[in-house]
Amino acid sequence: MTARTVITAALTGPIARKSDHPGLPCSPEEIAAAARASWEAGAAVVHLHLRDEDGEPTADVTIARRVLELVGEACPAIIQLSTGVGLDVPYEDRLALLEVAPEAATLNVCTMSFGAGEFRNPPAGVRKMAARMRELQIQPELELYDSGHLDVALALIDEELIEPPHHFSLVLGVTGGMGATPANLVGLVQRLPQGARWQVIGIGRANLPMTTMALAMGGDVRTGLEDTLLLERGRPASNHELVKRLRAVAEAMGQPVATVEEARVELAL
Ligand code: KMH
Ligand code: ZN
């Protein structure tokens, strides 16, 4: 088992809009407040997407710097910036976002259907993104939405574009990716490289069952409004409520939850 479980809060994501959930944090100030509340509830890492004045996903570096500054002032949580950004944001803009040099950032390794949209991660762009992350010493979080994505990630590791320690997010329940089933999760975990650190992201109704499975298997977990807008059917969630519930599940299993300082050790940051 993992000594301590790291909880990541994915505060806003790129898909939902305020019209879907009025409490969705969008402005830099709202994102910073949600980060603080999630950290107080037990999250050691915050996964951040950026929104413009209209609430649309953006890779604007001025907004990125403002969000990083405000979140840093609000709480000591480890910042993981999304380079997924949003389905309609050009890859070159996503790449340029790395120049704000967050401590950690996501690396999406394959193009795929994503609900009603397309998530474009072309092989040459992914290699550029990985190489720049290595140069800037940004810790990559490898996002896997399907079993074949692991083979692509392993190729990047073989090419020495990604250095150890390797961090994987196993995303279950995206329409266009692998379904949220125990067999899919177990199959992927069994094939991870030796010494890899991994977390589970369960989308929608799969959020609580899949993260609970991850806890039982010794993995880390992510929750937040990017992953589910509801605590249960008909009951809108907030980021900190989702973190609080997941923390309680971990503790009920006797699994201690990492503080930020402990998470830095666990994640070798
Ligand atoms: N929600 C998707 C567009 C990431 O943060 O890097 C995937 C995504 C991944 O947001
Ligand atoms: Zn994200």
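The values are calculated or read from the model by the stated rules, or taken from the named source; none is laboratory data. Note that the structure is predicted; figures quoted are calculated from it, not measured. Reconstructed Cβ throughout: ideal geometry from the backbone, glycine too, with neighbour counts over all protein chains shown. We work out accessible area using only protein heavy atoms, side chains counted, and drop any ligands, DNA or RNA first. Shrake-Rupley method; radii C 1.70, N 1.55, O 1.52, S 1.80 Å.
Of note:
- Over the C-alpha trace of region 1-153, radius of gyration and Dmax come out as 15.1, 44 angstrom.
- Assuming charge only on the beta carbon of Lys and Arg (+1) and of Asp and Glu (-1), the dipole of region 6-161 about its Cα centre is about 80 debye to the nearest 20.
- Förster-model FRET efficiency, 45 Å R0, Glu135 and Glu251, C-beta, rounded to 0.05: 0.70
- Region 1-41 - Debye-derived log10 I(q)/I(0), Cα point model, q = 0.17 Å⁻¹: -0.53
- Dipole of region 1-117, positive end: most advanced residue of Thr12, Pro90, Ile63 [Cβ charges, Cα centre]: Thr12
- Accessible-area composition of the chain, carbon plus sulfur, in percent [1.4 Å probe]: 53
- Gyration tensor (alpha-carbon) shape descriptor, region 163-269, a/c threshold 1.5: oblate
- Helical segments meeting 18 Å axial Cα length and Kyte-Doolittle -0.5 threshold in the chain (DSSP H): 28-41, 61-74, 123-136, 239-252
- Per-residue [θ]222 nm for the chain (sum of -39500 (n - 2.57) over DSSP H runs n ≥ 4, rounded to 500): -11500 deg cm²/dmol
- Three-way shape label, region 67-140, alpha-carbon gyration tensor, a/c 1.5: oblate
- Relative packing of peptides 150-159, 97-106 - highest average C-beta neighbours within 10 Å first: 97-106, 150-159
- For Leu230, the amide hydrogen comes within under 5 Å of the amide hydrogens of Ala237, counting only partners 5 or more places away or on other chains and with H modelled in the peptide plane.
- Applied to region 48-54, the Karplus parametrisation 6.51 cos²θ - 1.76 cosθ + 1.60 on θ = phi - 60° returns per-residue 3J(HN,Hα) values of 10, 10, 10, 10, 7, 4, 8 Hz, with x for Gly and Pro.
- Placing +1 on each Lys and Arg Cβ and -1 on each Asp and Glu Cβ, with no other charges, gives the chain a dipole about its Cα centre of roughly 680 debye.
- Full-extension gain in nm, Ala101 to Met217, via 0.36 nm per residue minus C-alpha separation: 38.5 nm
- The phi torsions of region 225-233, fed into the Karplus equation with coefficients 6.51, -1.76 and 1.60 and a -60° offset, translate into couplings of 5, 5, 9, 7, 8, 10, 6, 7, 3 Hz, rounded to whole numbers, with Gly and Pro shown as x.
- q = 0.10 Å⁻¹: log10 I(q)/I(0) that the Debye formula gives for region 74-197, counting C-alpha atoms only: -0.30
- Gyration tensor over the Cα atoms of the chain: the corresponding equivalent ellipsoid has semi-axes (square roots of 5 times the eigenvalues, largest first) of 23, 23, 19 Å.
- Charge tally in the Cβ shell below 15 Å around Gly234, where Lys, Arg are +1 and Asp, Glu are -1, Gly234 excluded: 0
- Length released on extending from Ser113 to Thr62, taking residue separation times 0.36 nm less the Cα-Cα span: 15.4 nm
- Amide H to amide H, with H built 1.01 Å from N, Glu141 comes under 5 Å of Ala105, Thr106, Leu107, counting only residues 5 or more places away or on other chains.
- When the Cα positions of Leu269, Met178, Cys26 are compared along the charge dipole of the chain, Met178 comes out farthest toward the positive end, with charges on each C-beta of Lys, Arg, Asp and Glu.
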